[in-house]
Amino acid sequence: MKWQAALANLVLRPLGIDPVFVHDAPGGQRALAQCHTVRPGENRSATPVGLFLPPSWAPAGGLAGSADDLAALATLLLGTHPDAAELLPEEQRTEMCARTPEADAFGMADAWGLGLAHHVSPDGVWLGHDGTVDGGTAHLRFRPADGTVVALTTNATTGTAMWAELVDVLRERGVPVGDHRPLAATTPPLTAGPGRLDGDYRNGDTVFRVRTAESGVPVLTDATGLVADLTVHEDLTFTARRTDTDVAPYTGRFVTDRASGEIHLMQLGGRAARRTAAP
């Protein structure tokens, strides 16, 4: 059985979700929303963009859905769905939601479970996950203590900023949604030798290139068209702000080898890319 069939028949349809896989031929009653990129600057405009999702990425991001679909999934993980015990037994559900101390959640969450991010709030822990593709975003949070669920899907690059605003509004109204907000940098900007960061960083088939521009600013690019200016600090943490679209900056860090002191990893968006070459 292909993974699409397993996911559709064993999870989605029992939850009342009509699956839409982005690489399938159009069909059914549901249509994919057009993705959009929002250009930065005074004259901001939304431009339709094609969805860049290689088939090899499909198991991680090839499923389209709505906020209602995310909420339905949350009922399974909370155990409140009528068929939850059959679809996801309590033992496995508990294991998925448990915190994994060894997992490094830098830049994305306060901790990780098995595929679920942990977000600390004054009202306890919220679980969930965030996802982005070119021109679209998805966000899910649920609170095991009482079953509260918050979900948002958007079809624009500004969706990450919209999510942050939604969280702030909900908190003002008494719903303390857990959400990870990167802390402000605690060390000064890196001023000496930014060229030491230059290189190619690989995660599977994805290759990130870091090159220092004539202005002295490190620039991050990849094959998808990503172009981002890096603001790097002395502790090697950084923010990456895209120059081509109006989105919230990404948080990342360069990691040095303990033995040699040379940079050998770059962490960005929850993924670690190994340095494979220096220019």
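The table below lists the values:
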quantity: Carbon + sulfur, % of accessible area of segment 152-279 - ligands and nucleic acids excluded, 1.4 Å; calculated: 52 percent
quantity: HN-Hα J in Hz across segment 90-107 - Karplus 6.51, -1.76, 1.60, θ = phi - 60°, x for Gly and Pro; calculated: 4, 4, 6, 5, 5, 5, 5, 7, 6, 6, 9, x, 6, 6, 9, 9, 3, x
quantity: Two-decimal Rg/Rh across the chain, once Rg and the Kirkwood Rh are taken from alpha-carbon atoms; calculated: 0.97
quantity: Where GluC sites (Glu not before Pro) fall in DSSP loop in segment 30-122, at most 11 other Cβ within 10 Å; calculated: 42, 102
quantity: Three-way shape call for segment 12-135 based on the alpha-carbon gyration tensor, with the a/c threshold at 1.5; calculated: oblate
quantity: Point-charge dipole on Cβ atoms (K/R +1, D/E -1) for the chain, about Cα centre, debye to 20; calculated: 400 debye
quantity: Cα coordinate range in segment 151-279, projected on the principal axes (Å, largest first); calculated: 50, 31, 30
quantity: Length-normalised contact order of the chain in % [C-alpha pairs under 8 Å, at least 6 apart]; calculated: 14 percent
quantity: Heavy-atom accessible surface of segment 31-100: percent carbon and sulfur, 1.4 Å; calculated: 54 percent
quantity: Per residue accessible area of the chain, 1.4 Å probe, in Å²; calculated: 55 Å²
quantity: Residue among 120, 33, 57 farthest towards the positive dipole end of the chain, charges placed on Cβ; calculated: 57
quantity: Estimated dipole of segment 194-253 in Debye, rounded to 20 [Cβ of Lys and Arg +1, of Asp and Glu -1, Cα centre]; calculated: 100 debye
quantity: In segment 30-121, the trypsin sites (Lys or Arg not before Pro) that fall in loop regions by DSSP, at most 16 other Cβ within 10 Å; calculated: 30, 44, 99
quantity: Farthest toward positive dipole pole in segment 148-223 [+1 Lys/Arg, -1 Asp/Glu at C-beta], among 189, 162, 152; calculated: 189
quantity: Segment 108-144 and segment 148-173: distance between their alpha carbon centers, rounded to Å; calculated: 12 Å
quantity: Among 270, 177, 232 - extreme Cα towards positive end, dipole of segment 170-279, charges at beta-carbon; calculated: 177
quantity: Loop trypsin sites (Lys or Arg not before Pro), segment 134-225 (other Cβ atoms within 10 Å of the site Cβ: 10 or fewer; DSSP); calculated: 173
quantity: Karplus 3J(HN,Hα) series, Hz, for segment 155-164 with 6.51 cos²θ - 1.76 cosθ + 1.60 (x for Gly, Pro); calculated: 10, 7, 5, 7, x, 5, 5, 5, 4, 4
quantity: Using θ = phi - 60° and Karplus 6.51 cos²θ - 1.76 cosθ + 1.60, couplings along segment 171-177 (whole Hz; Gly, Pro as x); calculated: 5, 4, 9, x, 10, x, 4
quantity: Distant-in-sequence amide H partners of residue 98 (H built 1.01 Å from N, under 5 Å); calculated: 114
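The values are calculated or read from the model by the stated rules, or taken from the named source; none is laboratory data. Since the structure is predicted, the reported quantities are computational estimates derived from the model, not experimental observations. Backbone-built Cβ (ideal geometry, glycine too); neighbour counts: all protein chains shown. SASA here: full protein model, heavy atoms, side chains in, ligands and nucleic acids out. Shrake-Rupley method; radii C 1.70, N 1.55, O 1.52, S 1.80 Å.
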